[in-house]
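Below is one structure, written out as structure tokens, with a few remarks after it.
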Amino acid sequence: MTKTALIIGGTGQIGLAAAARLATSDWAVTVAHRGQHSPALSADVRSIRFDRADTAALHAAARGNDLVLDTVAYDTGHADQLAGLAGDVGSLVVISTGSVYLGRNGSYLDVATDEVFPDFPVPLTEADPTVDNAEQSYSPLKAAMERRLLAAADLPVSILRPGAIHGPNSPALREWFFIKRVLDGRRRVVHAYDGASRFATSATANIAELVSRCAEQPGRRVLNAVDDEALTVAEIGRAVFDAMGHEAEILCFAGPPRDGLGSSPWGLANPIVLSMAAAREQLGYAPVVSYAEGLADDIRWVTDAVAAAERRGESWQQLFPSIVTRYGAGGWFPYAAEDAYAG
């Protein structure tokens with residue numbers, strides 16, 4: 001019989017990739033959203049609308065499915081909603097975040113500064129400690145959600161921890177930091193920390209593959225969900241420039257950014273590298289795309305999207321407002337300062 005899947009937050013970047021992956025394996029997929037239907041949604045995927053806050057509607061849509069994927073669960077309230085599905089779904093997969101990890105110095109990403117940055121082991125494994133406090137910010141709330149889900153009896157839940165997510169349909173594609181420089185004809189970029197910062201990347205295609213593996217092998221587990229390559233920011237820049245056939249100089253200096261010069265969305269004082277050994281050992285997981293292969297899809301999608309927006313008279317900031325508000329992309333392109341630094 002055909003297996004069925006419900007994806008909560010199904011029109012986001014992870015939901016769309018997972019829907020496409022499952023549909024190609026003959027799953028009957030339904031995506032749930034709040035009215036933000038995506039043109040990228042496959043024609044053979046069913047779409048429904050409900051408010052995540054409506055627990056009764058969520059349960060009615062989810063019960064009886066072989067898989068429920070929740071891409072937007074955020075806190076213990078959402079965990080309690082999902083715990084109510086115990087015994088009623090074949091497999092539950094919940095997207096968390098790699099930022100739940102606690103540094104050996106007691107710091108974590110939400111409170112990190114250039115002076116006090118989390119000191120993580122390399123690589124991080126799922127057994128490493130996570131944030132456990134009452135702060136109502138992103139990482140503590142996600143970590144509390146994880147603990148609540150894992151404490152729920154009879155719940156076949158797989159919790160996935162991605163890193164710096166990239167892929168088509170991303171509302172905040174970090175790679176835009178380099179792609180825009182190519183489109184602007186820039187011939188240099190400047191990085192702090194000697195260009196050696198590492199923040200594990202996660203292609204949505206690889207996350208979707210891991211979702212599929214968890215769906216086929218239900219269990220109670222926590223797994224990292226990142227690309228195999230743990231590239232430095234300078235290596236990511238070179239990969240973008242090479243993929244776009246662009247020549248540019250990558251300049252670096254030691255220490256933190258200087259008045260914004262040298263900063264980037266991967267620019268961290270200490271590395272965040274996550275191990276994928278557990279996913280391989282427990283599920284037989286293997287990535288379906290390399291970073292370079294995923295990057296090619298990213299570039300095609302974002303350049304097409306930006307070109308279409310420009311034809312409508314829209315700026316990239318209007319097209320991707322969250323990349324400005326969440327990641328400060330308005331300050332990503334200090335071209336005059338870079339030119340002054342280069343002399």
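The values are calculated or read from the model by the stated rules, or taken from the named source; none is laboratory data. Keep in mind it's a predicted model, so treat the numbers as computed, not measured. Ideal geometry is used to build each Cβ from the backbone, glycine not excepted, and the neighbour counts take in all protein chains shown. Remember, those area values only see protein heavy atoms, side chains included, never the ligands or the DNA or RNA. Shrake-Rupley method; radii C 1.70, N 1.55, O 1.52, S 1.80 Å.
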Worksheet item: Of the residues VAL288, VAL302, which is of a type in the set (Val, Ile, Thr), open to solvent by less than 70 Å² (accessible area, probe 1.4 Å) and in contact (Cβ under 8 Å) with a residue 60 or more places away in the chain?
Response: VAL302
Item to complete: Determine if the range 63-82 includes at least one residue that is assigned to a loop (DSSP other than H, G, I, E, B), over 20 Å from the mean Cα position of the chain (by Cα) and aromatic (Phe, Trp, Tyr).
Response: no
Discussion item. Tell me yes or no: at least one residue of the range 315-325 is touching a helix residue (DSSP H, G or I) at 6+ places or on another chain (Cβ under 9 Å), farther than 26 Å from THR97 by Cβ, modelled with pLDDT of 95 or more and not in a helix (DSSP H, G or I).
Written reply: yes
Discussion item. Every residue in the range 249-266 that is surrounded by fewer than 19 Cβ atoms within 10 Å (Cβ to Cβ) and either within 29 Å of ARG161 (Cβ to Cβ) or touching a strand residue (DSSP E or B) at 6+ places or on another chain (Cβ under 7 Å) (or both), please.
Written reply: GLU249, ILE250, LEU251, CYS252, PRO256, PRO257, LEU261
Worksheet item: Before we move on, is ALA172 touching a residue at least 60 places away in the same chain (Cβ under 8 Å) and either touching a strand residue (DSSP E or B) at 6+ places or on another chain (Cβ under 7 Å) or farther than 27 Å from LEU251 by Cα (or both)?
Response: no
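Within the group LEU22, LEU6, LEU92, which residue is touching a strand residue (DSSP E or B) at 6+ places or on another chain (Cβ under 6 Å), under 26 Å from ASP132 (Cα atoms) and not in a loop (DSSP other than H, G, I, E, B)? Talk me through it step by step, then tell me what you get.
Details: LEU22 fails: under 26 Å from ASP132 (Cα atoms); LEU6 fails: under 26 Å from ASP132 (Cα atoms).
LEU92 is the lone residue from the list that is touching a strand residue (DSSP E or B) at 6+ places or on another chain (Cβ under 6 Å), under 26 Å from ASP132 (Cα atoms) and not in a loop (DSSP other than H, G, I, E, B).
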Worksheet item: What helices (runs of 4 or more DSSP H) lie completely within the range 124-232 and have 2 or more residues being under 20 Å from the mean Cα position of the chain (by Cα) and over 20 Å from SER322 (Cα atoms)?
Response: 138-151, 204-216
Practice prompt. Give the range 219-243 a look and list any residue that's more than 30 Å from ASP154 (Cβ to Cβ), in contact (Cβ under 8 Å) with a residue 60 or more places away in the chain and either touching a Lys or Arg at 6+ places or on another chain (Cβ under 8 Å) or among the aliphatic types (A, V, I, L, M) (or both), or say none.
Written response: ALA230, LEU231, ILE236, VAL240
Discussion item. Just to verify a result, which residue in the range 305-314, among those that are farther than 23 Å from PHE177 by Cβ and not in a helix (DSSP H, G or I), is least open to solvent (accessible area, probe 1.4 Å)?
Written reply: GLY313
Worksheet item: Hey, ALA134 hits all of (1) farther than 25 Å from GLU229 by Cα; (2) open to solvent by 10 Å² or more (accessible area, probe 1.4 Å); (3) of a type outside the set (Val, Ile, Thr); (4) touching a residue at least 12 places away in the same chain (Cβ under 8 Å) but one; which does it fall short on?
Response: (4)
Practice prompt. Just name the residue that is farthest from VAL273 (Cα to Cα) out of those in the range 104-131 that are β-branched (Val, Ile, Thr) and either in contact (Cβ under 8 Å) with a residue 60 or more places away in the chain or touching a strand residue (DSSP E or B) at 6+ places or on another chain (Cβ under 8 Å) (or both).
Written response: VAL131
Response to the item:
By residue number, the members of the range 33-55 that are within 19 Å of the chain's Cα centre (by Cα) and at pLDDT 90 or above are none
